[in-house]
Structure formats: C-alpha cells, structure tokens
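Here the structure is laid out as structure tokens; the discussion comes afterwards.
Just so it is clear, none of the values below were taken in a lab; they were calculated from the coordinates. Source: prediction; values computed, not measured. All Cβ positions, glycine included, derive from the backbone under ideal geometry; neighbour counts span all protein chains shown.
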Amino acid sequence: METKAVFHPGSTYVANWTRADALKIAPDDSNTKPRIPEDFPLMTEEVWVWDTWPLTDLDMEPVAYEGWNIIFSLVAPRDIFFGDRHWQARIGYFYSQDAQSWTYGGELFPADSSFGSREWAGSTVITEDDDVHAFYTASGRDDGGIDPTDALQRLAHAEGRIHADDDGVWFTGFEDHTIIAEADGRLYQTLEQSESGPIIYAFRDPFVFRDPTDRQIYALFEGNNGGVAGSHRCDRKEIGRVPPGHVVPDDARYYTGNIGLLRLNRGSDFTSWRLMPPLLSAECVNQQTERPHLVVHEGRYYLWTISHEFTFAPGLWGPDGLYGFVGAGLRSDYKPLNGSALVLGNPQDAPLQNYSDYVMPNLLVESFIDTVPTADGGVRYGGTLAPTLEIELDGAARTSELVAELPYGYIPANRSVP
Ligand code: FRU
C-alpha cells in the first residue's frame, strides 16, 4: 500500500486524480460533515465571510502574534446579495484571544492598492519580527469594476507589518503590490485558451510554504492544464482502471483542473517566482481543485483541495467538500485518501451547507457556512465560519476519518510570536 515514488520538485512528473478514483466516491459516516442547524451563530453582522485562512509561518503552522490568534477571510458588505459577494470580495482580518470569538479588524490592504477588481483567496505568512507577506488572487482586470463576466486571475503579493496591543491587532504597509504569476498557456491555461470551454476558469488561490525537505519556498495554487479547452483527449493515465463498461463522455476532455506549483527564486524578496509543472492533474475528472494546501504529517505530504459537485466531469459525481491525497514528498505519486480522495463532503440533504475547508497541521479543519436548508423549505445563507471539524489520518493505509466536531470558527494558533 505504501507510496514511495518521490521526484525532484522541478521535474515534470505530475500525479493524476483519475476517473477510476473518483468513481469510488462513496459518502458514509467517516467522510460526511454533520448537519449545521439553521440557527447557527454569526461571527459578525458587518460582512459576509467565506474563504478563511490563519496567519501562518513558512512552516505552515498557524501562529498568534503577541497572544492574538489571527485569521484572514474573504469579506463583502453584508447588505449585498450573498451570491454577489465574489465580485466585491476583499481580504479582511479578525483577531481573537480564545481562537473562537473573533473581532473584525477591517480590510487588510489600503483602499485601491491591490491589483484586479476584487481580492480572492490566498495565504498570509509572517516572517522575521513583524513582517507579513500577503499572497492573493488579483481577480478581474485592474479597475474592472463589478463585472461577473471578467474571469482574469493573476497571483499577487504585498508586504506589510503587524502591530498589536491589549485591545487588538492592526496592520500597516501593503501599499506596493506585485503580480508574481500569470498563466503561461503551456503549463497553465490562459483565460483566452479557456474561452471555448463550457465551465469556469482558474488561476488562483496561492498557498505559500517552505518545503521541509529542500527548504525552498513554494506556492501551491489552483490552475487548469495549459492548452486550448477541448483540444485534449482523455488518456489512460487520466482514466485509470475503471470498471468494465465505464464510458468516458466526450465532454470530459474540457475538465482540466490542476494543483499548480510556483518556486521562489533564490535571494528574492517574495516577488520573483518561477512557474513549475503542476503537482497533480484532475484532467478529465474535475475542472476545479480550489484552495490547494499542504500538511506534512509524520513525514508524509498531504495535499488538500476543495471541489464542487458541479465541477466534476460528465459521468462522475462527488459532493461539495474536501478532497485529499498523500505522497512521500512534495512532488510524488500522490494517491487519493480513502481510494477516492473524498475526505469530508456535505450531507446529501444539505448539499451546499458549507465549503472551503482548510486543514491545519493539527488536523483541525475550518470552513464557512454557505447555504443551510431551513425547516420551512427555504434556506439561510451563512457567510460565517462553520463548526471546526477534526480528522485523523492513517498514512500507511491512506485513510482519513472524521473524529470530532468542535466550536464554530475554532482556529487556534500553534505558537505565539515574538
Ligand atoms: C472558493 C473560491 C476560491 C476563490 C474564492 C472567490 O470558495 O472559489 O477559489 O478564491 O472562492 O470568491
């Protein structure tokens, strides 16, 4: 059962999430999230809150600053329709002493400083002293306004400083932003190449970390495989050992999700990066492998991503939720956890209940509440953090299991700086 093959991070070996793997998706108690009651609490009345990540160090550990736990979230004014939030998204931040009752601190960047017309998900890393590096998706054209049809995405960086006193946390800086990566058309599909495709495009969600093996700094991100949408033919590596009779629908070739990789150029101040081949391809399986991130646990590399029911390729089904893969190194022959990659999916009677799971090194999984069905047959929109869940991993058996449900929005740091 053990997976051993490890490749140089710069090599062109790309692991596959195959159709055969995805056909094994089978929700059960070990991988289904508990129902969230319709009277869930809100963390703030001010903003919709969705994709969330903790302040981390380069080793991927959530860190507190002067005793304050700190998280970053995509936010939008709570008086707009929940579904319109993506087009007005900004990165906001919260701080807390107990890691579960959060105070909203406002937006991270000064007004009009970021690239794109809205800020989408990323990661925020504290380095020496009080230096904080924010990585985000510059979504939409610069000054593009509120335009849902504008799907351009680039990866961006800005540097700032963190401050705290007994009353809370605040940030300064973040005035000079740099675009650090754009799709190249060869490894990663450009927006133009995607336009013949039937479904949404991705070049987003940078997650920055230092690989404990080679000590180089990398970013994972969500991409689509390069080339004009539809020009690809699903091959045996992508299909895998499917049961007899499984037919690959023709349109599966349009689904080109991948987990991309960037490497920081040596000596660079976090602004100069190189595109590397993706670590994992979901070609012919799924169009979206969103918010990829990593946990190195007991020597194994666990690659996590979130995906939706509607982004699976034709002929496949999986719930909205968290999917995971395990390998022996950063670039390795990742195998899906639980045979299929499904780690935590929404219950089938609440298929949009929550989303955007983020696994921390302590195996706590935070996410936000999306849309909860109500007893009267309607729905209640969340836009607030969901109960944190806890999973256990068996690396040798390549399995995961849901073991506990913890308080809403419980995101404890692992250590405090300075
Ligand atoms: C996941 C996601 C991210 C993106 C953001 C946009 O919920 O789609 O991939 O950065 O939401 O709102």
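Given the -39500 (n - 2.57) contribution per DSSP H run of 4+ residues, what per-residue ellipticity at 222 nm results for the chain, rounded to the nearest 500 deg cm²/dmol? The helix-only estimate for the chain comes to -500 deg cm²/dmol at 222 nm.
Rg over Rh for region 257-414 works out to 0.99, using Cα positions for both radii and the Kirkwood form for Rh. One chain, two ends: V228 and D112. Fully extended at 0.36 nm per residue, the span grows by 38.4 nm beyond their Cα-Cα distance. Placing a label point 7 Å from the Cα of H163 along the Cα-to-Cβ direction, the residues of region 88-116 with a backbone N closer than 16 Å are 105-111. State whether region 121-183 is rounded, prolate or oblate according to the following rule on the C-alpha gyration tensor (a ≥ b ≥ c being the square roots of its eigenvalues): a/c under 1.5 gives rounded; otherwise a/b larger than b/c gives prolate, and the remaining case gives oblate. Prolate is the answer for region 121-183, as a/c is 1.5 or above and a/b outweighs b/c. Annotation: for a label point projected 7 angstrom from Cα along Cα→Cβ of I146, residues of region 69-86 with backbone N closer than 19 Å are 74-86.
Note on F368, F94: ascending count of other Cβ atoms within 10 Å places them as F368, F94, the fewest first.
Rounded, prolate or oblate: which one fits the chain, using the alpha carbon gyration tensor with axes a ≥ b ≥ c (rounded when a/c is under 1.5, else prolate when a/b beats b/c, else oblate)? Could the numbers behind the result be given before it?
Working: a/c = 1.34, a/b = 1.22, b/c = 1.10.
Here the chain falls in the rounded category.
With both labels modelled 7 Å from their Cα along Cα-to-Cβ, the H8 to Q216 distance reads 0.9 nm. The residues neighbouring I91, those whose beta-carbon lies less than 11 Å from its own, together hold a net charge of -1 under the Lys/Arg +1, Asp/Glu -1 convention. Taking a straight Cα-Cα cut-off under 25 Å and skipping sequence neighbours fewer than 8 places away in the same chain, the lysines within cross-link reach of K237 are K4, K24, K335.
Report the full-extension gain for the segment E38 to Y381: residue separation times 0.36 nm, less the Cα-Cα distance, to one decimal in nm.
Values: separation 343, 0.36 × 343 = 123.48 nm, distance 0.93 nm.
Net length gain for the segment: 122.5 nm.
In this rough spin-label picture, where each label sits 7 Å from Cα along the Cβ direction, the S268-D131 distance is 1.5 nm.
Backbone phi angles across region 344-357, fed through the Karplus curve with coefficients 6.51, -1.76 and 1.60 (θ = phi - 60°), yield HN-Hα couplings of 9, x, 5, x, 6, 8, 8, x, 10, 4, 8, 7, 6, 5 Hz in residue order; Gly and Pro are listed as x.
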